[in-house]
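The values are calculated or read from the model by the stated rules, or taken from the named source; none is laboratory data. What you are looking at is a predicted structure, and each value in this text was computed from that prediction instead of being measured. Using ideal geometry, Cβ is built from the backbone for each residue, glycine included, and neighbour counts are taken over all protein chains shown. Surface accessibility is based on the protein's heavy atoms, side chains included, excluding ligands, DNA and RNA. Shrake-Rupley method; radii C 1.70, N 1.55, O 1.52, S 1.80 Å.
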Amino acid sequence: MTRINGFIGRRDFFKLAGIGSFTITALGGIAWGTQEAAIADVNPANFNPVNSNQALRLLLDGNQRFIHQKPKYPHQSLERLQLVAKAQYPFAAILGCADSRIPAEIIFDQGLGDLFVVRVAGNVASDMAIGSLEYATAVLGTQLIVVLGHSKCGAVAEAIKNAPLPGRIGYIVENIKPALAKVKPTTGDRNYDAVIANIQYQAQKLPQDSTILAQLLHKGKLKIVSACYDIDTGKVSIIA
């Protein structure tokens, strides 16, 4: 099986996916037949994955080190660099906001090859984001996805304003607006309550929009956790 930078080659990925029928379109894309690719049934490349509870504990312990300014800076040596150049087996996947103040490896005090990070404004569960998370879980064997939003999120604030936006920015906001209907006024801060509602909404979308993630959840091979990062304190809190 061919691997380039930790990615399974195109031909081998199709074999793993158990594809029934597909055709290559004139534009080079793939038109799928009636049989869906059962990637969730594949045995991941990682033969010794970190279970979801342990993975979450590693993240929260790392965040505590970050908060108290006692980071270990793990897995950042030249030896680690050379090791993960051969293959990647991240113990957790993060769907986070693209906000420059929330780099996952830093706030969780992790290193090279530890986290499979997907970042997009508003931590939106877009098709591209979901596809990336499907790869992290079904192929690389990651058993934990954390949907990580944050206080003072600009994308959520724009969704609340509901004003016209230039370029493609509106696409992001439109994917947040459905969450606003689910806001629960529990803190007295409308923006923060909307942030929490958006995190929960995007987390719920993952298995709803992905058969692969839904199957992994059903089989107990995956856990999806909602969490919020406090911009002012650096603390990550799990959302029930």
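Structure notes:
- Helices (runs of 4 or more DSSP H) enclosed by segment 115-211 - at least 3 residues per element that are of a type in the set (A, V, I, L, M), modelled with pLDDT under 95 and under 29 Å from PRO90 (Cβ atoms): none
- In segment 220-229, the residues that are surrounded by 15 or more Cβ atoms within 10 Å (Cβ to Cβ) and either in a loop (DSSP other than H, G, I, E, B) or free of Cβ contacts under 8 Å to residues at least 24 places away in the same chain (or both): LYS221, LEU222
- Annotation note: Cβ proximity below 9 Å between a residue of segment 121-141 that is under 16 Å from PRO207 (Cβ atoms) and a residue that is open to solvent by less than 10 Å² (accessible area, probe 1.4 Å) and at pLDDT below 95 (sequence gap 6+ or interchain) occurs for GLU134/ALA40; THR137/ALA40; ALA138/ALA17; ALA138/ALA40.
- Of the residues examined, ALA179 is one that is of a type outside the set (Asp, Glu), open to solvent by less than 30 Å² (accessible area, probe 1.4 Å) and free of Cβ contacts under 8 Å to residues at least 24 places away in the same chain.
- Filter result for ASP114 (open to solvent by less than 50 Å² (accessible area, probe 1.4 Å) and in contact with a His (Cβ under 8 Å, 6 or more places away or on another chain)): yes
- Failed item in (1) modelled with pLDDT of 95 or more; (2) part of a loop (DSSP other than H, G, I, E, B); (3) touching a helix residue (DSSP H, G or I) at 6+ places or on another chain (Cβ under 7 Å); (4) open to solvent by 10 Å² or more (accessible area, probe 1.4 Å), with LEU217 passing the rest: (2)
- Residue that is farthest from MET128 (Cα to Cα), among those in segment 53-102 that are β-branched (Val, Ile, Thr) and not in a helix (DSSP H, G or I): ILE102
- The residues listed here are ASP209, ASP232; of these, the one that is surrounded by fewer than 13 Cβ atoms within 10 Å (Cβ to Cβ) and either of a type in the set (A, V, I, L, M) or touching a residue at least 12 places away in the same chain (Cβ under 8 Å) (or both) is ASP232.
- Scanning segment 182-196 for residues that are farther than 18 Å from ALA98 by Cα, open to solvent by less than 70 Å² (accessible area, probe 1.4 Å) and in contact with a helix residue (DSSP H, G or I) (Cβ under 9 Å, 6 or more places away or on another chain) gives a single hit, VAL183.
- Condition check for ILE106: at pLDDT 95 or above, open to solvent by less than 20 Å² (accessible area, probe 1.4 Å) and closer than 30 Å to TYR171 by Cα: no
- For segment 38-55, filtered to residues that are open to solvent by 30 Å² or more (accessible area, probe 1.4 Å) and modelled with pLDDT of 70 or more, the residue that is farthest from the chain's Cα centre (by Cα) is ASN48.
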